[in-house]
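> One structure, as structure tokens, below. Some questions next.
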Amino acid sequence: MDEGKRQKRPRRSFTDEFKTRAVRLVLDEGKTIPQVARDLDLTESALRTCVERDRADRTQGKTGLTSEERAELARLRKEVRELRMEREILKKAAVGSAGRCNSTGDSSSWRQESKCLAWPAIQPQSDHVEVVLAVR
């Protein structure tokens, strides 16, 4: 390996108790992040993240997102991703069925009239929409 390049440190995990002690050294005892990181063989960025999160929790969110807010944000982001996926599936299903009628044997007048109208003008009789997706 080149002398100029440092070897990447393997990813480590730490207990919540260890992180809490490290954060206390910075916030309660006034030590600097670089000093505590060196003493505990941590990266400064990892310790800084823990300190910022704890500081936000201590100030009820005045200095950043609290743990509860971060958890809610993660949950909402996941929900948005899922809703976007569902919307894309429904868009593709709608495009695939555009111009086709569901043949239920119903020859109601609105169905007959809708054949002469543009697609956006077709209005179903109820608010209920059922989409069935099949995987081949």
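> Quick one: would you say residue 64 is closer than 30 Å to residue 27 by Cβ, over 16 Å from the mean Cα position of the chain (by Cα) and modelled with pLDDT of 55 or more?
yes
> Then there's this: Among (1) surrounded by 11 or more Cβ atoms within 10 Å (Cβ to Cβ); (2) in a loop (DSSP other than H, G, I, E, B); (3) at pLDDT below 90, there is one condition residue 56 misses while meeting the rest; what is its number?
Condition (2) is where residue 56 drops out.
> If you go through region 1-40 one residue at a time, how many are surrounded by 10 or more Cβ atoms within 10 Å (Cβ to Cβ) and part of a helix (DSSP H, G or I)?
Of the residues in region 1-40, the ones surrounded by 10 or more Cβ atoms within 10 Å (Cβ to Cβ) are 14, 18-27, 31-40.
Keeping just the survivors that are part of a helix (DSSP H, G or I) gives 18-27, 33-40.
Number of matching residues: 18.
The values are calculated or read from the model by the stated rules, or taken from the named source; none is laboratory data. Computed from a predicted structure; not experimentally measured. Ideal geometry is used to build each Cβ from the backbone, glycine not excepted, and the neighbour counts take in all protein chains shown.
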